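What follows is a short report on a single structure.
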């Protein structure tokens, strides 16, 4: 039975020539170039790094060895956890504040006139300057880290959400008006979904800033987490140990940004990425 | 030739209403720097539309036909004059009117069904009932098989069918259409025109639509209202005398009367256009 079916299938389209797939190196051209580039840079670093004073520099194989040691001792997983908790909590709080505020000032001129100036100021100013103040208010513990993450993350979220609301075509809200939808209905069922791609862009920019924020927070406040590891390693002239958390932070930043980007295609499959407000 | 509907198909009375436009004027003010420009989009326009009648508004760009339609819908207010639907004055958007928008204007995040449900949802119709009504309307426009598709998975013609179903879902007494099929290819457009006539036969709705396409105006309407710009006004009203029911549009198109009436309107439109061009000061 199976063989007959197979035979029929083959008979059904005999004329079609076997479409030749392009060879491996054609299909993954840019990927191969990127990999080659990384290999070259790492090799160069390995060779030159070994010749330098280990106080000033390190090299890949030493960093990998250090990484292994720190994972086994539980030091690195603990530091990662210490950083991730305030990072994710702060990010969520920033989203919960930023999205409604962005919707509000995007939709209502009066709200924008009242609050827009702070948003612009907060987005433009170096918020690091306020950290000593936050330390006075919130001490050196978990809370202050969350606050710093919130403050540094919330503004790109607000600004992108506002830009998204402004970009909603008037024709779409008029459809709502024409069917006599209430203002609340228009905001919830038209403005909000239409703004989702912009909100996701804001979140993607926000998560990148959240990673920066947590490191800064850990430098300034109670030395702990991945940022603390960097400071401590620096003070011990342990350059290889310094590169371990740096590498982890880099991977974390790239990974989280990609995660939000992936989420973007899941929650707004009808839209391409709305990258209008990248900073 | 007293009542344009007398020899046309007079549909059985359902939810339908007459529309009376009384002396409507509208001026848009635009400011560029210190210069203030006033554009008289509509200048004392009056028109009566009978219940169950199909009226086409056509004319050159800037003649105010879309503005008039938006005033009828309630999205725009007239500066003076008033619009009555079934005897009551229009002060904003209302339950008795709905619009098929230019380029459909569907919500891209909603399925076809979700889009049709929107109008009912806004009016607080319970979920099961609005689902039933929406499915019924999608069936009516021939999209019963595509209810779950998002707008980006629908062709232009199918999108506009969803737009039509959405407008019909709230059972309006007056159906307004703003260049509904302008962006579609000729074959798709003809299919939808036949569909509109069929729906009109089945529901008897009063239909007022804006079009640039004179073929479409003559094919669908009982009367074609030709408007002229600067200031926007009604230039002439052409009663269309084609035998009813107009079920077979191909045959209708082939008729002598069709060509003659189309030509008559086109001629008047072009005369107005050249007069317009002559009146305009030469720009150097």
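Every read-out reported here was derived from the displayed coordinates using simple, explicitly stated rules and does not represent laboratory data. None of these values were measured; they are calculated from a predicted model. We place every Cβ from the backbone using ideal geometry, glycine too, and count neighbours over all the protein chains shown.
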Task: region B:118-223 shape via C-alpha gyration tensor axes, a/c threshold 1.5 - done: oblate
Task: Value in Å of the Kirkwood radius, where region A:164-241 supplies the Cα pairs that are averaged - done: 16.0
- [ ] May I ask you to derive the relative contact order of region B:126-210, considering only C-alpha pairs under 8 Å and at least 6 residues apart, and to give it as an integer percent?
- [x] 31
- [ ] Ignore the peptide's own chain and count Cβ atoms of other chains within 10 Å of each Cβ in B:101-110; give me the average, rounded.
- [x] 5
- [ ] Determine the gain in length on full extension of the stretch residue A:270-residue A:72; use 0.36 nm per residue of separation and subtract their C-alpha separation, reporting nm with one decimal.
- [x] 66.8 nm
Open item on the list: Considering just Cα atoms, how many Å³ per residue does the convex hull of the protein assembly as shown enclose?
Closed with: 301
Open item on the list: To make sure I understand, if each residue's beta carbon is the centre and we count other beta carbons within 10 Å, what order do B:266, A:262 fall in, fewest to most?
Closed with: A:262, B:266
Task: Alpha-carbon centroids, region A:186-213 and region A:24-78: separation in whole Å - done: 34
Task: Kirkwood estimate for region A:44-115, i.e. one over the average of 1/r between Cα atoms, Å - done: 16.5
Open item on the list: Using a 10 Å cut-off around each Cβ of peptide A:183-194, what is the average number of partner chain Cβ atoms that fall inside?
Closed with: 2
- [ ] Compute the separation of the alpha-carbon centres of region A:223-240 and region B:53-120 and state it in Å as a whole number.
- [x] 66
Task: Between helix B:156-169 and chain B: long-axis angle, C-alpha atoms, 0 to 90°, nearest 10 - done: 80
Open item on the list: Test of understanding: ordering B:73, B:192, B:68 by Cβ neighbours within 10 Å, fewest first, what list do you get?
Closed with: B:192, B:73, B:68
TODO: Take chain B, connect every pair of alpha-carbon atoms lying under 10 Å apart with a spring to form a Gaussian network, then pick out the residue of B:39, B:252, B:85 with the largest mean-square fluctuation.
DONE: B:39
Open item on the list: Please check: in the Gaussian network model of chain B (C-alpha springs, under 10 Å), which one of B:199, B:207, B:265 has the largest mean-square fluctuation.
Closed with: B:199
Open item on the list: Just to be sure I follow: if Rg is taken over the C-alpha atoms of region A:64-269 and Rh is the Kirkwood radius over the same atoms, what is Rg/Rh?
Closed with: 1.08
Task: Helical mean residue ellipticity (222 nm; -39500 (n - 2.57) per DSSP H run of 4+; nearest 500) of chain B - done: -11500 deg cm²/dmol
TODO: For region A:18-170, just list the percent of Cα-Cα distances falling in each 5 Å bin from zero outward, please.
DONE: 2, 8, 10, 10, 10, 9, 11, 13, 11, 8, 6, 3, 1, 0, 0
TODO: On each of the three principal axes of the Cα atoms of region B:68-171, give max minus min coordinate, whole Å, ordered largest first.
DONE: 46, 29, 22
Open item on the list: Compute the helix-to-body angle for B:256-279: its Cα long axis versus the longest principal axis of chain B, expressed 0 to 90° and rounded to tens.
Closed with: 50
Task: region A:64-269, relative contact order [Cα under 8 Å, separation at least 6], % - done: 28
- [ ] Report the far tail of the P(r) of region B:1-160, meaning the percent of Cα-Cα pairs longer than 26 Å.
- [x] 46
Open item on the list: When a/c reaches 1.5 or more, the comparison of a/b and b/c decides; with that in mind, is region B:54-95 rounded, prolate or oblate per its Cα gyration tensor?
Closed with: prolate
TODO: Between B:34, B:65, B:256, find the one with the highest GNM mean-square fluctuation for chain B; connect C-alpha pairs within less than 10 Å.
DONE: B:34
Task: Degrees, to the nearest 10: B:112-122 long Cα axis against longest axis of chain B - done: 80
- [ ] Tally the DSSP beta bridges in the protein assembly as shown and give the antiparallel ones as a percent, rounded to 5.
- [x] 55
Task: Whole-number Å³ per residue for the convex hull built on Cα positions in chain B - done: 160
Open item on the list: Using a 10 Å cut-off around each Cβ, can you sort A:61, B:98 from fewest to most neighbouring Cβ atoms?
Closed with: A:61, B:98
